[in-house]
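We did not get these values from a lab; they are worked out from the coordinates using the rules stated. This structure is a prediction, so every number in the text was calculated from the model and none was measured. When we count neighbours, we look across all protein chains shown, and the Cβ atoms used for this are built from the backbone with ideal geometry, even at glycine.
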Amino acid sequence: MNHQIDWSKLSQLEKIKYDSNYLRGTLTESLADPVTGAIAESDTQLSKFHGIYQQFDRDTEKDRKRRKLEPAFSFLIRVRLPGGIATPQQWLQMDGLSDRYANGTLKLTTRQAFQLHGVIKRNLKPTLQGINEVLLDTIAACGDVNRNVMSHANPAESPLHASVYQLAGELSRHLTPQSTAYHEIWLDKQLLASSKKEIEPIYGRTYLPRKFKIGIAIPPYNDIDVFSQDLGFIAIEEKGKLAGFNVTAGGGMGSTFGNPQTYPRLGDVIGFCQPDQVLKVAETIVLIQKENGNRQDRKRARLKYTIDDRGIEWFKDELNTRLGFALEAPRPYRFTRNGDRYGWKQGIDGKWSLNLFVEGGRVKDTPSLLLKTALRKVAENIDDAQFILTGNQNLIIANTSQKEKVARILKKYGVWPATLSGLRQNSIACVALNTCGLAFAEAERYLPTLIGKIETILQEYDLLKEEIVIRMTGCPNGCGRPYLAEIGLIGKSIGHYNLYLGGNKQGTRLNTLYRETLTEKEIIETLRPLIADYAQNRNSHESFGDFVIRKKYVSETVQGKDFRH
Ligand code: SRM
Ligand code: SF4
C-alpha cells in the first residue's frame, strides 16, 4: 500500500484499482469459489474492466429472498467492437454462445456492441474463450477506461467512411489497457511482458476517474450522437476528401434524480485537427481527464464536470499546451439526423446493404417473429456479408453481392419488408429490468407496448409515417441517450415515468422536463393534445421537437447545467 495517498479522500474504487495489480484483484479466487454464484465485492468492480458485470434476476429477487436463497446471480458480458462490424462467422459464434451459455438472446447496444445476459459464473471462462476464438474480446468494454469507439455505420459508403472506420479501430487499440490480466484470467495465457515496459503507459495504476467514451460522426448523419460523447470527432469533407475532424469534448448523458450537481451535457466543439493528429488529441484529452477528473465523487467524475468545473477555456489552453500546437478553428458542418436510414442502399462498389430495425436491440425469436433464426440463416448462407451494429441498436446486413438471397431469407421469416411507424423506427429503449441493477422501471420490455398505444393516436391524425425520435430508459443514467430525444421517457418507479420534450432530430439539443411521474394513462392523455396540435398547426417540415419549443410547451435547454429533472 502506498502511504502517500490519503485514501479517505478518494472514492472507494480508487483503492480497489490501485491494489488490484493491474486489474487482477482476486478474480481467479472468486471464480473458483463454489459456495456462491457471485464474485467478491471488489472483483465486481474489477470485472467491469474485463467487460463483465455481475447482475441478478430482478424478477425473482423477492421470491428468492423469501426462500432465503441468494439472488439468482449471473453476468452480463459486453464485447468490444469498434465501429460495430462483425463477420458472419463472428455473428454465428455470438449467436451460438448466447444459446449455449447465456439467456438465448443477443443484445445490440447503443454503442454498437454485443451483450450477452444471464451467463452464470462457471460459464464465464468458456464464453470469453469462445468470443476470443473468433478474434473478438471484451477488454475495456466497461470500466474506468476508454469504451467501445463508435463510428458512423458503413465503411463501404466511400473511402472517407472507410478511413473513419479504420480510425475507430486505431483509437480503440491505442487506448486499450495494456495489462495482461485479461489473458491470464480468462484465456489461461501468460503473455511475455518486457520488464522495462511500463504496464499501463497511458492509464497508470488507477486508470481513469470514470468511464470515457469516444465517437466519430460523418455529417450529415449524427447516428452516433457525437455530442453525447466525452470526446467526439466530426469528419470534415472538403473537395471529396477527408480534411480532418472538428473535435468535441465534454458530452455525457448520466445524471441522478435529486442531485442538481449532475446533469446531461452536450459536448463543446473545441477546434479542428488533421487526421494524423487524432490519436495524439485523444490521448492528450484522456491524460488531462486522468489527472484532473474528480476521484472523490464518482457522480461528478466524467470529463463534462472537469470541463464545467475548470472552465472550457482552461481545458482548451491545457490541451493546446500539452499538444504543443493549437487546434485550428472548427470548420462548418451540418447534421440532418441522428436516426438510421432503413432499407436497401447500394454502395459505390455496387454491393448492397440493408438497414434493419431491431426493436430494443434485442435479437431473439418470438412466436410472431423469428428474428434470431433469420439472422443466423443469413450468416450461414451469405458469406460475403458484414453485420454492422448501429448506434441506434439496429443492424445493417452490409456490403453483399447476394441481395436477392438475403431478401428471400428475411422474407421467409417475416423480418423484411416490415411496415413500421416512423415513431417505432426511431425508438431506443435501454435494457432496464430484469437485468439492470440500477433500473427503477421497465424500458426495453415496455416501450414497444407504449409505442403501440401512441401509434393509435398518430393514426387518428395521419401521422404514422412521421419520424419522431422517442427514447425510454429505466433510470436517469441515460443509456438510451433519452435526453436527446424529441420524446424522452425516464423511469422513476415501476409504472411511472418523467416526460421530456424538445430534443431535435439532429441530436444537437437537450430536451426539457415537461411532466413528472406519469402513469401510462397519463402519458397517453398528455401526448394526445400535443399530437393533435402538431398535426393541425405544424409548419411545413417542422419536426415534433422543434414544434413543442416554438409553441412553448417547453423552453429550450441551452446548457446542461440548466437541465432539471
Ligand atoms: Fe449504460 C450503467 C447498459 C450505453 C450511461 N449501463 C449501465 C449498466 C452497466 C448498469 C450498471 O452499472 O450496473 C447497464 C447494464 C444493463 C444491462 O442489463 O444490460 C447499462 N449502457 C447500457 C447499454 C447496454 C444500454 C442499451 O440498452 O443499449 C449500453 C451499452 C453500451 C456499450 O456497448 O458500451 C449503454 N450507458 C450507455 C450510454 C449511451 C452511450 O454511451 O452512447 C450512456 C450515456 C452516455 C454517457 O455515458 O454519459 C450510459 N450507463 C450509463 C451510466 C451513467 C454514467 C454517468 O456518467 O453517470 C451508468 C451508471 C454508472 O456508470 O454508474 C450506466
Ligand atoms: Fe440500467 Fe438506467 Fe442504463 Fe437503463 S439507463 S440500462 S435502467 S442504468
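Annotation: amide H-H contacts under 5 Å for Gly480 (H modelled 1.01 Å from N, sequence separation of 5 or more, or interchain): Cys430.
The phi torsions of segment 465-470, fed into the Karplus equation with coefficients 6.51, -1.76 and 1.60 and a -60° offset, translate into couplings of 7, 4, 7, 10, 7, 10 Hz, rounded to whole numbers, with Gly and Pro shown as x. Kirkwood hydrodynamic radius for segment 509-565: how many Å is it when counted over pairs of different Cα atoms? Taking every pair of different Cα atoms in segment 509-565, averaging 1/r and inverting gives 12.5 Å.
Backbone N atoms of segment 246-267 closer than 18 Å to the 7 Å Cα→Cβ label point of Glu556 belong to residues 265-267.
What value, in deg cm²/dmol to 500, does the helix sum -39500 (n - 2.57) over DSSP H runs of n ≥ 4 give at 222 nm once divided by the residues of the chain?
Mean residue ellipticity, 222 nm, calculated: -9000 deg cm²/dmol.
Applying Stokes-Einstein at 37 °C and 0.692 mPa s to the Kirkwood radius of segment 1-73, computed over alpha-carbon pairs, gives a translational diffusion coefficient of 234 µm² s⁻¹.
When both bridge partners sit in the chain, DSSP labels roughly 80% of those beta bridges antiparallel. Taking amide H as placed 1.01 Å from N in the peptide plane, the amide H of Phe233 sits under 5 Å from that of Gly215, Ile216, Ala217, Thr248, each at least 5 places away or on another chain. Kindly work out what percent of the DSSP beta bridges joining two residues of segment 423-562 are antiparallel, to the nearest 5. Percent antiparallel among DSSP bridges in segment 423-562 is about 60. Working from Cα pairs under 8 Å separated by at least six residues, relative contact order for the chain is 12 percent.
Computed from point charges on the beta carbon alone (+1 for Lys and Arg, -1 for Asp and Glu), the dipole magnitude for segment 423-562 about its Cα centre is near 240 Debye.
Normalised by 2.2 N^0.38 Å, where N counts its residues, the alpha-carbon radius of gyration of the chain equals 0.94.
Computed about its Cα centre, the charge dipole of the chain is approximately 580 debye, with only Lys, Arg, Asp and Glu carrying charge at their Cβ. For the peptides 469-482, 444-457, 108-121, residues were scored by their other Cβ atoms within 10 Å and the scores averaged per peptide; the highest-first order is 469-482, 108-121, 444-457. Annotation: cysteines of the chain without a disulfide-compatible partner (Cβ-Cβ under 4.7 angstrom) are Cys142, Cys273, Cys436, Cys475.
Residue-wise HN-Hα couplings along segment 202-216, as the Karplus relation 6.51 cos²θ - 1.76 cosθ + 1.60 with θ = phi - 60° gives them from phi, are 8, 7, x, 6, 10, 6, 8, x, 6, 4, 9, 10, 10, x, 10 Hz; Gly and Pro carry x. Can you give me the long-range amide H partners of Leu356? Hydrogens built in the peptide plane at 1.01 Å from N, cutoff under 5 Å, separation of 5 or more residues or another chain. Those qualifying (amide H under 5 Å, at least 5 residues apart or on another chain) are Leu395, Ile396, Ile397.
Between the residues Gly96, Thr248, Thr366, the greatest Cα displacement towards the positive end of the dipole of the chain, with unit charges on the Cβ of Lys, Arg, Asp and Glu, is found for Thr366.
Projecting each Cα onto the charge dipole of the chain (Lys/Arg +1, Asp/Glu -1 at the beta carbon, about the Cα centre), which of Val554, Ser74, Gly258 comes out farthest on the positive side? Farthest towards the positive pole: Ser74.
Residue separation of Glu467 and Arg445 scaled by 0.36 nm, minus their Cα-Cα distance, works out to 5.7 nm of gained length. Here the Debye sum runs over all C-alpha atoms of segment 343-421 as equal scatterers in vacuum, and log10 of I(q)/I(0) at q = 0.16, 0.20 Å⁻¹ comes out as -0.54, -0.86.
Ranked by the mean number of other Cβ atoms within 10 Å of their residues, highest first, the peptides 498-508, 350-360 come out as 498-508, 350-360. Note on Arg331 and Arg100: the extension gain reaches 78.2 nm, defined as 0.36 nm multiplied by sequence separation minus the Cα-Cα distance. Scoring 212-218, 300-306 by mean Cβ neighbours within 10 Å over their residues and listing the highest first yields 212-218, 300-306. Based on Cα atoms of segment 423-562, Rg over Rh with Rh as the Kirkwood radius reads 0.94. Coupling constants for segment 490-497 follow from the phi torsions by the Karplus curve (6.51 cos²θ - 1.76 cosθ + 1.60, θ = phi - 60°), and in residue order they are 10, x, 10, 7, 3, x, 10, 9 Hz; glycine and proline get x.
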